[in-house]
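The values are calculated or read from the model by the stated rules, or taken from the named source; none is laboratory data. Not measured: the values here are computed from a predicted model. Methodologically, a virtual Cβ is constructed for each residue, glycine included, from the backbone with ideal geometry; neighbour enumeration extends over all protein chains shown. Only protein heavy atoms, including side chains, enter the accessible area calculation; ligands, DNA and RNA are left aside. Shrake-Rupley method; radii C 1.70, N 1.55, O 1.52, S 1.80 Å.
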Amino acid sequence: MKTIDAKSKELREVNGALRESLNGGPVEIKNAEDLHGLAAGLNRGEVVVRGSAGDYLGVLNSGGTIRVTKNAGKYVADNMTDGVIIIEGNADYGVGQYCYGGTVVVHGNAGDFTATMNKGATIIVNGDVGDEAGTYMLAGDLVVVGNAGENFANYLIRGDIYIGGEWKSLGHNTKLKSLTKKDIGKLEKYFEAHGLDADPTGFKKIVAASEKPFYH
Amino acid sequence: MGVVGAFCVSVNREICINAQMPGKCATCAEVCPHGVYALDVETGQMQIQNFNACVGCRICAEFCPANAIRINPAESEYISRYPWTFSAIEEVHHKAQTGEYLLRGFGTQGPTPNFDMITVVPSQIASEAPRDKYREECNMQVIIGEDTCEKPMILKLPFVWPAMSFGALSKEAKLALAIGAAMTGIATNTGEGGLLPEEMWLSRGYADEKRKQKKWEPGGSLVVQWSTGRWGVSAEYVNSGDAVEVKIGQGAKPGMGGHLLGAKVTEAVSEVRGIPVGSDALSPCRYYDVQTMDDMKHMVSFLRDVTEHKFPILFKLGPSRPYADVAACIEAGADAISIDGLVGGTGCSPDLVTQGVGIPTIACIPPAVQALKDYGVYRKVKLIALGGIRNGLDAFKAMAMGADAVGFGSAAEVALGCRVCYACHKGNCPYGITSQKEEFRARLDPVEGGERLANFIRATGEEVKILTMLSGHSSIADLSPEDLRAMDLNTAALTGLKLAGFERPLPMWEDGFVGVSGNGKK
Ligand SMILES: Cc1cc2nc3c(=O)[nH]c(=O)nc-3n(C[C@H](O)[C@H](O)[C@H](O)COP(=O)(O)O)c2cc1C
Ligand code: SF4
């Protein structure tokens, strides 16, 4: 595996080297915790970030597979349209915002505003999420295996939110629904695919009360 | 709305087709965006049912096949009854009855400080002699990102179409703007509602996707907007233009995100935006993915990275604290900054925000220029003035105050036929400019519209050229505030321009902007 040491390097240099190396199999990047926007806009290839990553990891990803062996900063997978991003530790504020597609898996906890304005991606958090997760989500799935904070799923418009634990408070325009067989099948598949030890039967599902909520 | 009750509608019943033959014609009722006219379905008679709702746009008069309609302003009542004018009363009644505030399209109504109280100073014997507009050259070109980008964006004339989204505008209007830009070598802008694929080749002057033969010379450029709702945005999207514009705000509704009412969210719009058909698209007022100034800088750096450092990164600001905001854009790494003033147009906004929020354009430019100078990037980082610019005279004044280029939003709509009826939010635009309905859109042909827009730009370019040359310059880059005088104290106080007759700036401006505001360097 080719390795890029990102220590004291500029984003342009690291991402440039990364893009050049993608055709030759997976690329490993180390010392990347101070780089923001690592692996931006990839459309293919496989990247392993050894250690932690900075903010905006995999922003505008459109087909790359990125794995981080420790934690990630803010805005992981921002505006992704395709591809897979896996964080083995925790992720900070705003995981998977503005995504049109692809999959994000956080094995630890994720911060506030996770999956805000998700427009079609699958976002799975094995631990807890912070406040305001799923705000103004328009499509896609948000799966939280642990607990959620305040104002969960606020102003949900479309898409499905699944949660295994509890939430502190639920946002506007939400309603609870029981899981169908299809939902359970889907969650089982997600858990199996990403090696998560969770049982979907106890999960709750949140959907939008209305597609056209009234705003003031 | 300030104009409710300000107009008298009269129909000459002797020539009105409906009055002669009830049921034969109901054109006025069909085209009026405000329901002034109503057809009695039983008798077929047309009546002026709601004459106070007239906003004076005269669309009905234009469409009336018998030329039977006259609209006259009733302004004297307006002055004598101020401040409790009819419209002020109606607005309170509307809220009392419905519990809702007013929404509307277009820019600020009524007088606000503007370019009209500024005059252009021509050359005579004591200053540089005038240039001959008919036989000498004048450099009108603007290059954005010349030193910072691999592919700088070139404007053949110092004009742009500012961001106007698909959704707010019809597809036909968007394509007309792209064609108009191609015909004149200026830039069009996707706005925040995603990209129509046709914009990519039409704006560059090609009639079809294959781009074999250029149809419109010289070909223009395309700016793709990056905004808070991120509608239709992907890595491919940011790479499909010649520049990326980071929207912070706009003049009509600074501090708020884009508004698109459900009436305009058709199948096609819902597809681009990824929202349900008929639902309101209310963009967030700020970036969910920016919390600090450092985040903003990182956003610029990843945008540069994803576009491989080819294209300029522009910023678009609403009119708030122009000195500090422009300074922040420079720090974030902008190649050009648009600043939109108070009267800037919109497809939909709360009336009170359009009317009462923001700094007038003429008061935004001097602090913006000062910030650019203080950072040593004046004329390198380009300044684009927006908001209330209607013609070459306004454009020249904005440029002499220090802008490198100007944009025409509302004026572009007017060039397409708009008569300023303020109903853009409703989706019933009779000219198919801001409507998504097939029947109205069919009235707007993108190529014809493109030609009208190109004509407007050419004529306006000539106007700017006249003024540039008669004031002794042969390049727009040489214009300066010395080419202008304020004609009243108010304008001199807001702008720091020399007062006509007094031949100096007002005493408080003698130390420049820093003396007035405490901001900036001497
Ligand atoms: C129909 C319409 C749609 C607009 N959509 C956007 C938009 O999507 N993003 C944006 O930054 N500004 C938008 N604007 C504001 C314009 O970009 C521009 O700032 C404004 O029109 C300039 O003022 P003027 O209309 O007086 O020329 C829109 C304006 C209009 C009239
Ligand atoms: S664009 Fe159409 S709806 Fe908007 S003000 Fe002009 S004529 Fe009226």
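Out of B:236, B:198, B:217, one residue alone is more than 21 Å from the chain's Cα centre (by Cα), modelled with pLDDT of 95 or more and under 30 Å from residue B:296 (Cα atoms). It is B:236.
For the range B:208-231, filtering for residues that are touching a strand residue (DSSP E or B) at 6+ places or on another chain (Cβ under 9 Å), at positive phi and surrounded by fewer than 24 Cβ atoms within 10 Å (Cβ to Cβ) leaves 1. Restricting B:403, B:454 to residues that are away from ligand 2 (no atom under 15 Å from the Cβ), open to solvent by less than 10 Å² (accessible area, probe 1.4 Å) and part of a loop (DSSP other than H, G, I, E, B) narrows the list to B:403. Taken over the range B:243-257, the criterion of being away from ligand 1 (no atom under 11 Å from the Cβ) and open to solvent by 30 Å² or more (accessible area, probe 1.4 Å) is satisfied by B:255, B:256.
When the strands (runs of 3 or more DSSP E) confined to the range B:91-197 are screened for residues that are more than 17 Å from residue B:463 (Cβ to Cβ), those reaching at least 3 such residues are found at B:187-189. Candidates in the range B:343-360 are the residues that are open to solvent by 10 Å² or more (accessible area, probe 1.4 Å) and of a type in the set (A, V, I, L, M, F, W, C); of these, the one that is farthest from ligand 2 (Cβ to nearest atom) is B:359.
Within the range A:186-216, being among the acidic types (Asp, Glu) and within 14 Å of chain B (Cβ to nearest Cβ) holds for one residue alone: A:211.
Just one residue in the set B:429, B:421 is buried (at least 22 other Cβ atoms within 10 Å of the Cβ), within 11 Å of ligand 1 (Cβ to nearest atom) and over 23 Å from residue B:160 (Cα atoms); that residue is B:429.
Among the conditions (1) over 30 Å from residue A:44 (Cβ atoms); (2) in contact (Cβ under 8 Å) with a residue 60 or more places away in the chain; (3) crowded, with 24+ Cβ neighbours inside 10 Å, residue B:188 misses just one, which is (2). Tallying residues that are over 24 Å from residue B:14 (Cα atoms) and open to solvent by less than 80 Å² (accessible area, probe 1.4 Å) within the range B:54-82 yields 3. Residues in the range B:434-444 include none that are hydrophobic (A, V, I, L, M, F, W, C), open to solvent by 30 Å² or more (accessible area, probe 1.4 Å), assigned to a helix (DSSP H, G or I) and within 16 Å of ligand 2 (Cβ to nearest atom). Among the residues of the range B:282-291, those that are assigned to a loop (DSSP other than H, G, I, E, B), over 19 Å from residue A:11 (Cα atoms) and either among the charged types (D, E, K, R) or open to solvent by less than 60 Å² (accessible area, probe 1.4 Å) (or both) comprise B:283, B:284, B:286, B:287, B:288.
It is to be established whether one or more residues within the range A:175-185 are within 14 Å of chain B (Cβ to nearest Cβ), at pLDDT 95 or above and not in a strand (DSSP E or B). No, every residue in the range A:175-185 fails to be within 14 Å of chain B (Cβ to nearest Cβ), at pLDDT 95 or above and not in a strand (DSSP E or B). The residue pairs whose first member lies in the range B:358-380 and is under 20 Å from residue B:116 (Cα atoms), whose second member is acidic (Asp, Glu) and part of a helix (DSSP H, G or I), and whose beta carbons are closer than 6 Å, counting only pairs six or more residues apart or on different chains, do not exist in this structure. Residues of the range B:409-433 that are closer than 15 Å to residue B:347 by Cβ, near ligand 2 (Cβ under 9 Å from one of its atoms) and assigned to a loop (DSSP other than H, G, I, E, B): B:416, B:418, B:420, B:421, B:422, B:423, B:427, B:428, B:429, B:431, B:432, B:433. In the range B:300-310, the residue that is farthest from residue B:368 (Cα to Cα) out of those that are open to solvent by less than 10 Å² (accessible area, probe 1.4 Å) and more than 8 Å from chain A (Cβ to nearest Cβ) is B:307.
Going through (1) within 24 Å of residue B:279 (Cβ to Cβ); (2) open to solvent by 40 Å² or more (accessible area, probe 1.4 Å); (3) at pLDDT below 95 one by one, residue A:202 falls short only on (1). Screening residue B:325 on (1) assigned to a loop (DSSP other than H, G, I, E, B); (2) within 15 Å of ligand 1 (Cβ to nearest atom); (3) more than 8 Å from every other protein chain (Cβ to nearest Cβ) shows it passes everything except condition (1). Taking the range A:157-174 as the range and being of a type in the set (D, E, K, R) and within 14 Å of another protein chain (Cβ to nearest Cβ) as the test, only A:158 passes.
Scanning the range B:189-224 for residues that are away from every other protein chain (no Cβ under 14 Å) and out of contact with any helix residue (DSSP H, G or I) (no Cβ under 9 Å at 6 or more places or on another chain), which turns out farthest from ligand 2 (Cβ to nearest atom)? Applying the filter and picking the extreme gives B:212. Starting from residues that are touching a residue at least 60 places away in the same chain (Cβ under 8 Å) and part of a helix (DSSP H, G or I), keep the ones in the range B:300-322 and report whichever is nearest to the chain's Cα centre (by Cα). It comes out as B:303.
Note on the range B:232-242: residues that are part of a loop (DSSP other than H, G, I, E, B) and either open to solvent by 10 Å² or more (accessible area, probe 1.4 Å) or within 9 Å of chain A (Cβ to nearest Cβ) (or both) amount to 6.
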